[in-house]
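The values are calculated or read from the model by the stated rules, or taken from the named source; none is laboratory data. From a predicted model like this one, the values you see are computed outputs, not experimental measurements. Quick reminder, even Gly has a Cβ in these numbers, built from the backbone with ideal geometry, and neighbours come from all protein chains shown. We work out accessible area using only protein heavy atoms, side chains counted, and drop any ligands, DNA or RNA first. Shrake-Rupley method; radii C 1.70, N 1.55, O 1.52, S 1.80 Å.
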Amino acid sequence: MDFSDQVSRLARAHQLGAALSADMQAWGVSTPYGVRASIAEDRLSWELRLQVSQSPPLADWGFRFGEAVNHLRAALDNLIVAIARQTGVTDEKQLKVLMFPICGTLREWKSRQKALSCLPDWCRQALEQVQPFQRPEHGGSLDQDLLLVLRDLDNTTKHHLQVKPDLAPQSIRHTPAVEFETEEGAAASVPPDVEVVVDSFEDGAVLLRYRTKGRIKSVEGQYNITAQVQAVTPDGRPHGVTDLLEALWEYTRIVMGHVMGAAEQAEEGPEPSC
């Protein structure tokens, strides 16, 4: 069977992800953001605030992320349509509604059997083997089966995708040097009372807040802030955009390979019995 179109669509999704990753890295190395420290009026606390000189093009990144996801989903759907066509299905209405099933439960899988009845037995068997409900452990490297993630993201990106740069607390490295007005104030402020704030990625957002028991004279220090662009999946969990796309692409490739391998075996015919 000829699956060149489906392989090309899979490759296109990978190219989109690679280009998106390159653009995000280019934005990051352009030094579009920094930090500044500010002391409160009562001088009993100080904050580290974000300075953004160039906002990230989130709308463009979100669109391109969604495009890559749609290509992955379409590669699976087109694979099933190609199998149907190449095994003799000619009814265009039947082909139009045919899609790659992604079922989280056995009940859901059984409900799809009528729609899949036009496919050969070997194909339905191969599809059943890769269904999320077959595995007690999650398929892929995320906390949820990656086929389910792909299905839900594809449905979401048709309407709206929430992509945001998020500052993970562990990415904030700081070595502050705080000078107090008195030695007593310095001694009373040990250990430091520090609050890490995960705020929106915008100019003036608070990153860290230090509270003291002595009045602050001055604040100096070095800070290194790392931002990660994240996609929020429909279940509300954030994942790094590039890591998520790479995981989805790799798992889609594995699933497609399984079904195409079954097609090759079917074309070769059953092995001769002894």
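With (1) closer than 22 Å to Met256 by Cα; (2) surrounded by 15 or more Cβ atoms within 10 Å (Cβ to Cβ); (3) at pLDDT 75 or above; (4) not hydroxyl-bearing (Ser, Thr, Tyr) as the list, and Leu142 as the residue in question, which single condition is left unmet?
Leu142 satisfies all of (1) closer than 22 Å to Met256 by Cα; (2) surrounded by 15 or more Cβ atoms within 10 Å (Cβ to Cβ); (3) at pLDDT 75 or above; (4) not hydroxyl-bearing (Ser, Thr, Tyr) except (3).
Out of the range 25-49, which residues are surrounded by 17 or more Cβ atoms within 10 Å (Cβ to Cβ), touching a residue at least 40 places away in the same chain (Cβ under 8 Å) and closer than 16 Å to Val229 by Cα?
Tyr33
Quick test of your reading of the structure: Val81 fulfils all but one of (1) in a loop (DSSP other than H, G, I, E, B); (2) over 22 Å from the mean Cα position of the chain (by Cα); (3) over 24 Å from Met24 (Cβ atoms). Name the failing condition by number.
Result: Val81 fails condition (1) only.
Within the range 231-251, is there a residue that is in a loop (DSSP other than H, G, I, E, B) and hydroxyl-bearing (Ser, Thr, Tyr)? Give the steps one after another, and end with the answer.
In the first step, residues of the range 231-251 are kept if they are in a loop (DSSP other than H, G, I, E, B); the result is 233-237.
Among the residues that remain, those that are also hydroxyl-bearing (Ser, Thr, Tyr) are: 233.
Within the range 231-251, one or more residues are in a loop (DSSP other than H, G, I, E, B) and hydroxyl-bearing (Ser, Thr, Tyr).
Checking Leu79 against (1) among the aliphatic types (A, V, I, L, M); (2) in contact with a helix residue (DSSP H, G or I) (Cβ under 9 Å, 6 or more places away or on another chain); (3) open to solvent by 10 Å² or more (accessible area, probe 1.4 Å): exactly one of these is not met. Which one?
Looking at each condition in turn, Leu79 falls short on (3).
Filtering the range 171-192 down to residues that are within 34 Å of the chain's Cα centre (by Cα) and either assigned to a strand (DSSP E or B) or of a type in the set (Asp, Glu) (or both), which residue is nearest to Trp46 (Cα to Cα)? Break it down stepwise before answering.
Going through the range 171-192, the residues within 34 Å of the chain's Cα centre (by Cα) turn out to be 171-176.
If we keep only those that are either assigned to a strand (DSSP E or B) or of a type in the set (Asp, Glu) (or both) as well, we get 172-176.
Values: Ile172: 16, Arg173: 16, His174: 14, Thr175: 14, Pro176: 11 Å.
Here the residue is Pro176.
Looking at the range 59-74, which of its residues are open to solvent by less than 60 Å² (accessible area, probe 1.4 Å) and either over 28 Å from Val232 (Cβ atoms) or touching an Asp or Glu at 6+ places or on another chain (Cβ under 9 Å) (or both)?
Passing the criteria: Trp61, Arg64, Gly66, Val69, Asn70, Leu72, Arg73, Ala74.
Could you tell me which residue of the range 193-207 is nearest to the chain's Cα centre (by Cα), considering only residues that are touching a residue at least 40 places away in the same chain (Cβ under 8 Å) and not in a loop (DSSP other than H, G, I, E, B)?
Going through the range 193-207, the residues touching a residue at least 40 places away in the same chain (Cβ under 8 Å) turn out to be 199, 201-207.
With the extra rule that they be not in a loop (DSSP other than H, G, I, E, B), the set shrinks to 206-207.
Details: Val206: 25, Leu207: 24 Å.
Ranking the qualifying residues of the range 193-207, first place goes to Leu207.
Suppose the filter is of a type outside the set (Lys, Arg), under 29 Å from the mean Cα position of the chain (by Cα) and outside any loop (DSSP other than H, G, I, E, B); does Leu72 pass it? Can you show your working first?
Values: of a type outside the set (Lys, Arg): yes; under 29 Å from the mean Cα position of the chain (by Cα): yes; outside any loop (DSSP other than H, G, I, E, B): yes.
When the stated conditions are applied, Leu72 passes them.
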